[in-house]
Structures are given as structure tokens and as C-alpha cells.
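This report refers to the structure that appears directly beneath it.
The values are calculated or read from the model by the stated rules, or taken from the named source; none is laboratory data. Keep in mind the model is a prediction, meaning the values are calculated, not measured. Cβ placement follows ideal geometry from the backbone for every residue including glycine, while neighbour counts extend to all protein chains displayed. Heads up: the accessible areas ignore ligands, DNA and RNA and are worked out on the full protein's heavy atoms, side chains in. Shrake-Rupley method; radii C 1.70, N 1.55, O 1.52, S 1.80 Å.
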Amino acid sequence: QLVESGGGSVQPGGSLRLSCKASGINLIYYNMGWFRQAPGKEREGVSSMSSNGAESYYRDSVKGRFTISRDDAKNMVYLQMNDLEPEDTAVYYCAATGSSYYDTLALYGWEYFGQGTLVTVSS
């Protein structure tokens, strides 16, 4: 089970830190990611990190603003979001996969998703 927290409402230029707590799985064996889905749009990959933490990936629109991190000792994954823009408004989902065959920034191969946390960026 993956449970997200940390969403909320923020003004443009603000920051939020999303957290994802895993239970029932040991994250040291899983690649982790964050996806988002805006109203009327398809779910899209935002960022992901390999199981060993050596590789991380970001969609172009969030590069330099978002940072993914993981704390395997706590079975947690985080997404630090800075300089938020109205276009970042969406429900954000934590994801996990133990497979080596997955797309780092698309839905293919991801096994588990959380229920999501809403991020609203508006003035």
C-alpha cells in the first residue's frame, strides 16, 4: 500500500513537499515514481528514481523545480516541488514497481499506485 500526503493549495512560486509512505512492501527492492493527473487529462509521469537511487528522471516541465528522493530506512519517498506553477495543479500519485521493464516517465510497468493527493496552484 502506498499513501501520499503533503498536498494542498499554494500560490504560484510557492513550494510543497509530497511524501509517500509504503507498507507491505520493502522499497529497497522497488523503483519509485510520482505521477499526476490534471482534470480532463491523462495521468502523466512526473519523476522517478531507480531502486538503488542512482538514477532519477524528470519530465521536462519540472526539471530544475522538482526533486525526488527516497529514505529506504523509513520506507518513504518524497517529491520536493519548488517554484510551483498553475500548470502543476493536479492529483499527484506515488507509484512503485519491482520490475526492470517499465517506463521511467509513463504508465507502462508500474505495479502499485497510491490514492493520490491534490495539489492546487492558484493566486
Subject >> All positions within segment 93-113 that are exposed (fewer than 15 other Cβ atoms within 10 Å of the Cβ), in contact (Cβ under 8 Å) with a residue 12 or more places away in the chain and out of contact with any strand residue (DSSP E or B) (no Cβ under 6 Å at 6 or more places or on another chain) >> reply: SER99, ASP103
Original post:
If you take the residues of segment 1-47 that are open to solvent by 50 Å² or more (accessible area, probe 1.4 Å), part of a strand (DSSP E or B) and in contact with a Ser or Thr (Cβ under 9 Å, 6 or more places away or on another chain), which of them is farthest from ASP103 (Cα to Cα)?
Top reply: SER9
Subject >> Matching residues in segment 66-84 - criterion: being at negative phi, touching a residue at least 60 places away in the same chain (Cβ under 8 Å) and open to solvent by 50 Å² or more (accessible area, probe 1.4 Å) >> reply: GLN80, ASN82
Subject >> Filter pass, ALA90 being surrounded by fewer than 14 Cβ atoms within 10 Å (Cβ to Cβ) and not charged (D, E, K, R) >> reply: no
Subject >> Filtered residues of segment 95-112 (kept if more than 19 Å from ILE28 (Cβ to Cβ) and either among the aliphatic types (A, V, I, L, M) or not in a loop (DSSP other than H, G, I, E, B) (or both)) >> reply: LEU105, ALA106, LEU107
Subject >> Filter result (open to solvent by less than 40 Å² (accessible area, probe 1.4 Å) and in contact (Cβ under 8 Å) with a residue 24 or more places away in the chain) within segment 52-65 >> reply: VAL62
